[in-house]
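Presented below is the structure to which this report refers.
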Amino acid sequence: MDIFTDKNDDENVRGGCAELIGIIAVNLNGKHFDDAFQCFTNELKDSDWTLRKSCAISLVTLSKKWNDKQLDIIFKCLIDGFQNKNGYHCHTSRDLLEGIVMKLNETQIDS
């Protein structure tokens, strides 16, 4: 995941990698899934807003597989983001929450 986290690479490449890794990570389990989740949550603090948005999209893609610990981490990220604390940004929290709500609506419609 170095290309995804390397600040020297083009932001569009980094964002594209984040979204592709998110698609792949849905099929991962255990440590590999946890590593992808951690990478996405870490990059929610990146200075590039397009990468933060791509990571939010990827986290939404993974949201149905979150465990309780990961849900707690996301909740903390959302709270910090809406307060612009600890390196998180309100726009990123908005994107993440919007995606989660849309995913919940899909689940309710499918049921």
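Compared with the alpha-carbon gap, the fully stretched path from residue 12 to residue 42 is longer by 9.0 nm at 0.36 nm per residue. Roughly what percent of Cα-Cα pairs across region 2-110 reach past 20 Å? Cα-Cα pairs in region 2-110 separated by more than 20 Å: 35 percent.
Distance cut-off 24 Å, Cα to Cα: go down the list 69/103; 64/85; 65/85 and report the pairs above it. Long pairs (Cα-Cα over 24 Å): 64/85; 65/85. Calculated from DSSP H runs of 4 or more alone, at -39500 (n - 2.57) each and per residue, what is the 222 nm mean residue ellipticity of the chain, nearest 500? Only helices count here, giving -24000 deg cm²/dmol. In the chain, a dipole from Cβ-located charges (positive for Lys and Arg, negative for Asp and Glu) runs towards its positive end, and of 71, 12, 40 it is 71 whose Cα lies farthest in that direction.
Every read-out reported here was derived from the displayed coordinates using simple, explicitly stated rules and does not represent laboratory data. Since we're looking at a predicted model, the values are computed, not measured. Methodologically, a virtual Cβ is constructed for each residue, glycine included, from the backbone with ideal geometry; neighbour enumeration extends over all protein chains shown.
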